[in-house]
Amino acid sequence: MVCNTCLFSVWQSCMMKACRMRKLNLFYGIRVRAKSWSYVFGEDVGFGGVFRCTTGLADTFGKHRVFNTPLCEQGIVGFGIGLAAMGNRAVAEIQFADYIFPAFDQIVNEAAKFRYRSGNLFNCGGLTIRTPYGAVGHGALYHSQSPEAYFCHVPGLKVVIPRSPTQAKGLLLAAIRDPNPVIFFEPKWLYRLSVEDVPEGDYTLPLSQAEVIREGGDITLVGWGAQLAIMEEACVEASKEGISCELIDLRTLLPWDKEIVEASVNKTGRLLVSHEAPITGGFGAEIAASITERCFLRLESPVARVCGLDTPFPLVFEPFYMPTKNKILDAIKASVNF
């Protein structure tokens, strides 16, 4: 049974230009106003974590509910599966998504299959795995990766990625309350760069429902996470040249909202997908294949993908690796002029 009293407030208050703002330190003030069956745990979580997302929680709610774990990702997730299987709300943190791979077997072969293999007699739907992902400007090989596509191949999981503080709070609350295990990827760029007013009350945003954040008629752009800001910049530049772009935030990658993307592409006749992960085998390929199948007779040009390169994530060459505004703008023009 889903615990509707499990409320996690997801914001930090700060003063900026004499205005009270909500800054995207995504999880600075997670206020666990639930019964004693909610837990937050991971490496360094007890004192706030490397991004200070859980600062003060252990003092407020007790070290038996907010606590550090050994440096053992498979142990963190395995422990979370056990907690969730016993009816608890377990929020497990993997400190960087780059280090989620030791837990891959626990996530893919245990958490994702727990309900199915028991014929729905048992489940670990109370498990939410939080992990920061993506580029950060200086992370290089082991602190910059975007591994979301690995998990989008696994039935039984949900994969969610927010683009902003307001989205993060609503989607995280929905993920925690969802009766399925959820991997919640947090774009590292947004921790300190994104600032907006966030409602203080309790609210959720629907999972598996994309959002049109900019309407247009010439081409559809689809993305998620921090990449949406880059894509929106490209849309603005394209509009100066008379190109009207429709921009869609997928928000949930598994299961993803095919219908809203299909409707948009049927209107515009063109599709561009962009993400930080390498282009080969990235989730953009799944979107491209599905929409080509559904909208083949409406497409005016091939589906375009503007993604990371097929190379380990570089350090000094990060600007060349990233799917930048100019790369997206060039692809928009090429698609429209095809």
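So here's what we get for this one:
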quantity: When residues of the stretch 327-338 are limited to those that are in contact (Cβ under 8 Å) with a residue 24 or more places away in the chain and assigned to a helix (DSSP H, G or I), the one surrounded by the fewest Cβ atoms within 10 Å (Cβ to Cβ); calculated: 334
quantity: Answer from 81, 94 - the residue that is over 19 Å from residue 161 (Cβ atoms), modelled with pLDDT of 85 or more, crowded, with 17+ Cβ neighbours inside 10 Å and of a type in the set (Val, Ile, Thr); calculated: 81
quantity: Matching residues, the stretch 266-321, being in contact with a Phe, Trp or Tyr (Cβ under 8 Å, 6 or more places away or on another chain) and among the small types (Gly, Ala, Ser); calculated: 277, 301, 308
quantity: Set 159, 136: member being within 25 Å of residue 247 (Cα to Cα), open to solvent by 20 Å² or more (accessible area, probe 1.4 Å) and of a type in the set (Val, Ile, Thr); calculated: 136
quantity: Filter pass, residue 263 being surrounded by fewer than 23 Cβ atoms within 10 Å (Cβ to Cβ) and part of a strand (DSSP E or B); calculated: no
quantity: Residue under evaluation residue 74, criteria (1) of a type outside the set (Gly, Ala, Ser); (2) open to solvent by 50 Å² or more (accessible area, probe 1.4 Å); (3) under 17 Å from residue 184 (Cβ atoms); (4) over 19 Å from the mean Cα position of the chain (by Cα), criterion not met; calculated: (3)
quantity: Residues being over 20 Å from the mean Cα position of the chain (by Cα) and open to solvent by less than 70 Å² (accessible area, probe 1.4 Å) - total across the stretch 116-133; calculated: 4
quantity: Some residue of the stretch 297-317 being acidic (Asp, Glu), in a strand (DSSP E or B) and without any contact (Cβ under 8 Å) to a residue 40 or more places away in the chain; calculated: no
quantity: Residue check for residue 217: open to solvent by 30 Å² or more (accessible area, probe 1.4 Å), small (Gly, Ala, Ser) and out of contact with any Gly (no Cβ under 8 Å at 6 or more places or on another chain); calculated: yes
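The values are calculated or read from the model by the stated rules, or taken from the named source; none is laboratory data. Model, not experiment: these values are computed from the prediction. No Cβ is skipped: glycine too gets one built from the backbone with ideal geometry, and neighbour counts run over all protein chains shown. Side chains are part of the model used for accessible areas, which takes the heavy atoms of the whole protein and leaves out ligands, DNA and RNA. Shrake-Rupley method; radii C 1.70, N 1.55, O 1.52, S 1.80 Å.
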